[in-house]
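Heads up: the structure comes next, in structure tokens.
Readers should treat all values here as calculations from the given coordinates under stated rules, not as data from a laboratory. Since the structure is predicted, the reported quantities are computational estimates derived from the model, not experimental observations. Note: ideal-geometry Cβ built from the backbone for every residue, glycine included; neighbour counts use all protein chains shown.
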């Protein structure tokens, strides 16, 4: 992956995150897409096959629309706290960029737990 520009701002609207990057790119990403692509060990395996991915999407889409609390993790990631559903994922900036660009941030690979 090529180096992504620095994330300058995240604006929270009722249904989307507006991500503004140093190169002038702006992504408007739905909160449901961020929830669906949660990288945690509980959510990631649910995207490994089409049936479980559809079930995960239905679950995410059933939650109330809300603006989550956004917490920076160092200088490399954000985490989102929701009133319902999973709040465990640490979303690296590269992952948010890929979601904004419409790229599968899992790159089609199934979840596998391994050494960090």
Quiz item: Which values of log₁₀ I(q)/I(0), to two decimal places, follow from the Debye formula for the chain at q = 0.17 Å⁻¹ with a uniform point scatterer at every Cα?
Solution: -0.85
Practice problem: Give the distance, in whole Å, between the Cα centre of segment 39-84 and the Cα centre of segment 12-29. | Solution: 17
Quiz prompt | Fully extended contour minus Cα-Cα distance, from residue 33 to residue 59, at 0.36 nm per residue | solution = 8.2 nm
Practice problem: Kindly provide the helix-only [θ] at 222 nm of the chain, computed as the sum of -39,500 (n - 2.57) over DSSP H runs of four or more divided by all residues, to the nearest 500 deg cm²/dmol? | Solution: -7000 deg cm²/dmol
Exercise. Would you calculate the separation in nanometres between label points at residue 2 and residue 26, each defined as 7 Å from the Cα along the Cα-to-beta-carbon direction?
Key: 2.2
Exercise. Could you work out how far apart the two model spin labels at residue 66 and residue 103 are, taking each label as a point 7 Å from the Cα in the direction of the beta carbon, and quote it in nm?
Key: 3.2
